[in-house]
Amino acid sequence: MYRYDEFDHRLVTERVEQFRGQVARRLSGELSEDEFKPLRLMNGVYLQLHAYMLRIAVPYGTLSSRQLRKLADIARKYDKGYGHFTTRQNLQLNWPALQDIPALLEELASVEMHCIQTSGNCIRNVTSDHYAGAAAGEVEDPRIVSEIIRQWSTFHPEFSFLPRKFKIAVSGTEHDRAAIKVHDIGIQILKNAAGEIGYEIWVGGGLGRTPMIGKKIGDFIRREDLLAYLEATLRVYNMQGRRDNLYKSRIKILVHEIGAGEMKKLVEEEFAEVKARGALQLPDIEVERIKAYFAAPAFETLPDATPELDAAIARDPKFADWVKASVTAHKQPGYAIVNISLKPIGKPPGDATSDQMDVVADVAEKYAFSEIRVAHEQNLCLANVRKKDLYEVWKALDAAELATPNVGLITDQIACPGLDYCNLANARSISIAERISERFADLKLQHDIGRLHINTSGCINACGHHHVGHIGILGVDKKGVEYYQVTLGGAADETAAVGDIVGPAFTEGEIVDAVDTIVKTYLGIRKEGEIFLDTYRRVGVEPFKEKLYAAH
Amino acid sequence: MAQHTRKGAQFQAVTANRLTDGVVVYLTADNTWSESLQDAEVAEGKEAGDALLARGQHFFEPGNLVLDVYLFEVEKTDKGIRASSVRETIRQAGPTIRRDLGKQAELEGVHE
Ligand code: HEM
Ligand code: SF4
């Protein structure tokens with residue numbers, strides 16, 4: 001894993017000290033709220049409905065056991081003993097007191113963690129594939145580029161006050177688990193015929209009020225040119241992006257207004273200039289230095305066939321269910337990728353208690369090279385587990401309610417904090433997700449339904465990725481009452497699509513039944529081998545509309 | 001700041017978040033801030049509402065005790081003062097989830 005160098009260390013420690021002074025001056029009244037707000041946001045401190053909220057960065061979703069234990073500890077000591085893993089692979093604490101945050105940040109810094117790049121109009125924490133380094137067919141571990149981008153972008157003076165926030169995601173496999181096409185910049189790692197590594201660049205994707213799928217402007221940016229190309233893209237956006245209207249300030253609007261062709265041209269012109277200056281060439285030696293941090297762990301040479309695993313599956317049907325949903329093939333024979341569901345039936349998606357975090361940290365230490373990943377689906381992941389250890393891993397996770405066998409199924413939902421916590425919300429999302437989860441709790445039914453992603457957001461900001469859920473649910477406010485608008489057919493992977501609005505919104509009382517109707521309609525018309533999304537793409541919105549609004 | 005009350009609301013109270021920890025508080029008749037809505041001063045009619053808000057604002061600046069001071073609509077019921085909107089009910093009583101902890105565990109029945 002990447003270790004901070006001394007420079008990083010000093011930066012983070014200085015930042016904590018600086019913030020300690022700022023908090024003291026705010027509490028004494030020396031700083032007004034207007035002066036303080038941008039400063040607190042730069043340190044990941046928001047104000048929600050009930051308390052402050054702290055967003056802790058987990059760069060590209062990779063944590064060590066030591067770091068996860070520290071997060072557990074902090075949540076216990078400064079919060080109510082739980083945290084919320086988010087779609088941006090971060091961790092949010094819902095209840096810290098402002099006066100405690102400097103001490104909390106100091107503790108975080110002791111494990112090389114911080115809240116930098118989790119807020120404000122800067123380049124945010126880079127996100128990536130939670131299977132990084134473990135997925136079959138991976139061109140290269142996407143965390144190498146992610147870390148290079150992190151180092152380049154942290155406190156980048158030119159890009160600290162962009163027109164709006166800026167999100168970059170990286171995928172190293174053809175199958176996109178990082179939703180790169182709904183990011184401001186999405187990077188797809190490729191290898192050309194000569195075996196060289198390069199990058200496909202997608203720009204102008206995003207969710208929120210105006211959802212857009214990114215457009216490809218770079219086909220194969222050479223490795224040594226990547227930062228120069230990103231710098232060129234950011235510079236074009238920084239100069240041409242709109243600052244007059246908050247709703248039009250993201251790069252997606254710029255790309256939409258001038259067109260992908262013009263965007264490509266502007267970026268290439270700027271790129272030529274950046275390159276001519278030569279300052280941002282990425283030397284091989286630097287890439288190699290960072291690459292070394294993400295070297296594969298010391299895998300044993302094992303046969304892929306694992307009789308003790310097969311025997312356990314045959315013996316214990318509960319374990320078999322879990323393996324079926326949670327375990328994925330690894331590129332290394334004899335190893336597997338383990339997804340840890342943070343979606344117990346009827347509980348808030350993405351929440352983990354401090355005790356659960358400790359269990360995951362322990363299991364990772366014992367069985368997974370002390371490494372944990374956060375998935376954008378708000379689950380955790382152990383990327384490198386020996387297949388013969390899976391039974392022990394399952395027992396430990398199951399004892400901590402961390403083995404719900406629903407990964408990828410209908411109860412594995414994404415939901416933003418919504419009106420239960422969020423100041424901007426129109427309606428609740430978590431409680432809707434909880435009720436949907438209860439409705440579809442039956443595992444046999446879940447397997448029969450197959451892979452189906454339901455994503456819920458409490459307002460149009462779309463933190464819960466509703467536009468790209470196979471079924472998307474958006475909370476709207478009608479005169480102080482919660483309503484829910486439904487979209488169908490969204491996708492966040494390499495076939496990314498924004499869902500279609502199915503019709504008028506449903507009340508809080510109706511929404512779970514509406515989802516049930518959609519699922520039943522699909523089950524009635526699907527063809528052999530189809531998942532919900534396939535059926536939807538084949539038949540379109542009409543059959544669902546008919547059933548949903550039949551009685552109206 | 002979004003609107004949390006409406007024109008013609010009969011009863012209103014003033015709420016804010018406490019500066020030190022962000023906790024939801026209500027302005028009381030003796031110019032203190034209470035965590036319980038039941039302690040809030042309830043203003044009847046527009047003028048009394050505006051006066052209550054002005055009193056509350058004073059604790060933001062120059063008072064430096066609270067943030068985001070605003071008026072919201074309430075109802076007087078036989079079970080006490082209740083917020084009219086879902087949002088303010090959740091602010092008053094905590095999230096409707098995780099009923100095992102926090103205010104939502106202490107205030108029986110408020111989310112029913
Ligand atoms: C206090 C809590 C939060 C606030 C105030 C907040 C605010 C916002 C706002 C204003 C936007 C719209 C930005 C735009 O369109 O320009 C947004 C988008 C987004 N937020 Fe949040 N958010 C919060 C919590 C979260 C959480 C918990 C997550 C992860 C689960 C999250 C992930 C995202 C994502 C993925 C987007 C859309 C992607 C995009 O930027 O286009 N946010 N958020
Ligand atoms: S989508 Fe809206 S309600 Fe949900 S967390 Fe984002 S800002 Fe809050």
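The values are calculated or read from the model by the stated rules, or taken from the named source; none is laboratory data. Values in this document were obtained by computation on a predicted structure and should not be read as measured data. Virtual Cβ from ideal backbone geometry, glycine too; neighbours counted across all protein chains shown. Just so you know, the surface numbers come from the protein's heavy atoms only, side chains and all, with ligands and any DNA or RNA stripped out. Shrake-Rupley method; radii C 1.70, N 1.55, O 1.52, S 1.80 Å.
Between A:Lys291 and B:Arg6, the distance separating the two model label sites (each 7 Å from Cα on the Cα→Cβ line) works out to 6.4 nm.
Give me the inter-chain shielding for B:11-21: mean count of other chain Cβ atoms within 10 Å, whole number please. Kindly include the intermediate steps, with their values, before the conclusion.
Working: counts 0, 0, 0, 0, 0, 0, 8, 3, 7, 8, 9.
Counting other chains' Cβ atoms within 10 Å and averaging over B:11-21 gives 3.
Dimensions of the stretch A:479-526 along the principal axes, based on C-alpha atoms and rounded to the nearest Å, stand at 38, 24, 15, largest first.
For the protein assembly as shown, give the share of DSSP beta bridges that are antiparallel, in percent and rounded to the nearest 5; count only bridges with both residues there.
Approximately 85 percent, going by the DSSP bridge assignments.
Counting only other chains, what is the mean number of Cβ atoms within 10 angstrom of the Cβ of each residue in peptide A:413-423? Intermediate values should be presented prior to the final figure.
On the way: counts 0, 0, 0, 0, 2, 4, 8, 7, 4, 0, 6.
Mean shielding by partner chains, rounded to a whole number: 3.
Answer with one residue from B:Gly49, B:Gly94, B:Gly80: the one whose Cα lies farthest towards the positive end of the charge dipole of the stretch B:11-104, charges on Cβ with Lys, Arg +1 and Asp, Glu -1. Looking along the dipole axis, the top candidate is B:Gly94. Averaged over the residues of peptide B:23-30, the number of Cβ atoms from other protein chains lying within 10 Å of each residue's Cβ is 1. Peptides A:407-420, A:240-253 ranked from most to least packed by the mean count of surrounding Cβ atoms within 10 Å: A:407-420, A:240-253.
Compute the relative contact order of the stretch A:414-549 as a whole-number percentage, counting only Cα pairs closer than 8 Å that sit 6 or more residues apart in sequence. Don't skip to the answer; put the middle values down first.
Numbers: 265 pairs, mean separation 26.2, N = 136.
This gives 19 percent for the stretch A:414-549.
Taking +1 at the Cβ of each Lys and Arg and -1 at the Cβ of each Asp and Glu, which of A:Pro283, A:Gln22, A:His9 sits farthest along the dipole of the protein assembly as shown towards its positive end, judged by Cα position relative to the Cα centre? The residue sitting most towards the positive pole is A:Pro283. Ordering A:Ile187, A:Asn379, A:Ser65 by the projection of their Cα atoms onto the charge dipole of the protein assembly as shown, which places +1 on the Cβ of Lys and Arg and -1 on the Cβ of Asp and Glu, puts A:Ile187 at the extreme positive end. Under a 5 Å amide H cut-off, with hydrogens placed 1.01 Å from N, A:His376 pairs with A:His130 among residues at least 5 apart or on other chains.
Size descriptor for the stretch A:263-363, Kirkwood hydrodynamic radius: 19.0 Å (Cα pairs only, one decimal).
A simple spin-label model places the labels of B:Ser34 and A:Asn192 7.3 nm from each other, with each point 7 Å out along Cα-to-Cβ. Based on C-alpha pairs under 8 angstrom that are at least 6 apart in sequence, chain A has a relative contact order of 13 percent. Of all aspartates and glutamates in the structure, those lying under 14 Å Cα to Cα from A:Lys248, and not within fewer than 8 positions of it along the same chain, are A:Asp184, A:Glu257. Remark: spin-label model distance A:Ser28-A:Arg222 equals 5.6 nm, labels positioned 7 Å along the Cα→Cβ axis. Relative to its residue count, chain B spans a Cα convex hull of 104 Å³ per residue.
Dipole of chain A, Cα-centred, from +1 at each Lys and Arg C-beta and -1 at each Asp and Glu C-beta, to the nearest 20 debye?
Values: 68 positive and 77 negative charges, 188 e Å.
It comes to approximately 900 debye.
From its DSSP helices (H runs of at least four residues, each -39,500 (n - 2.57)), chain B gives a residue-normalised ellipticity at 222 nm of -5500 deg cm²/dmol.
From a point 7 Å beyond the Cα of A:Gln281 in the direction of its Cβ, which residues of the stretch A:225-264 have a backbone N at a distance under 18 Å? Once the point is set 7 Å along Cα→Cβ of A:Gln281, A:225-232 turn out to lie under 18 Å by backbone N, inside the stretch A:225-264.
Applying 1/(1 + (r/R0)^6) with R0 = 22 Å to the Cβ-Cβ distance of A:Ile531 and A:Lys318 gives a FRET efficiency near 0.35. Residues in the stretch A:253-259 carry Karplus couplings, in order, of 5, 4, 4, 5, 6, 8, x Hz; the curve used is 6.51 cos²θ - 1.76 cosθ + 1.60 with θ = phi - 60°, and Gly or Pro positions show x. Centroid-to-centroid, using Cα positions, the stretch A:22-58 and the stretch A:129-202 are 30 Å apart.
With R₀ fixed at 56 Å, the C-beta to C-beta distance from B:Asp68 to A:Leu523 puts the FRET efficiency at about 0.75. Working note: Karplus 6.51/-1.76/1.60 with θ = phi - 60° gives the stretch A:455-462 the couplings 10, 10, 10, x, 6, 5, 4, 6 Hz, where Gly and Pro are set to x.
Within the protein assembly as shown, all pairs of alpha-carbon atoms sorted by distance into 20 Å bins from zero give the percentages 18, 52, 28, 2.
Subtract the Cα-Cα distance of A:Arg538 and A:Glu392 from 0.36 nm times their separation in residues, and report this length gain in nm to one decimal.
Numbers: separation 146, 0.36 × 146 = 52.56 nm, distance 4.25 nm.
Answer, rounded to one decimal: 48.3 nm.
For the chain pair A and B, buried accessible area totals roughly 2300 Å², probe 1.4 Å, rounded to the nearest 100. Globularity index of the stretch A:420-536 is 1.03 (Cα radius of gyration / 2.2 N^0.38 Å, N = number of residues).
For A:Arg435 and A:Val476, what does the FRET efficiency come to when R0 = 22 Å and r is the distance between their Cβ atoms, rounded to the nearest 0.05?
Values: r = 18 Å, r/R0 = 0.81.
In this case the efficiency is close to 0.80.
Output the pairs from A:Lys191/A:Lys216; A:Lys444/A:Lys478; A:Lys181/A:Lys545; A:Lys331/A:Lys395; A:Lys215/A:Lys331 with a Cα-Cα distance over 26 Å in this structure; if there are none, say none. The answer is A:Lys444/A:Lys478; A:Lys181/A:Lys545; A:Lys215/A:Lys331. Note on the stretch A:307-399: Cα convex hull, mean projected area over all directions, 6.0 nm².
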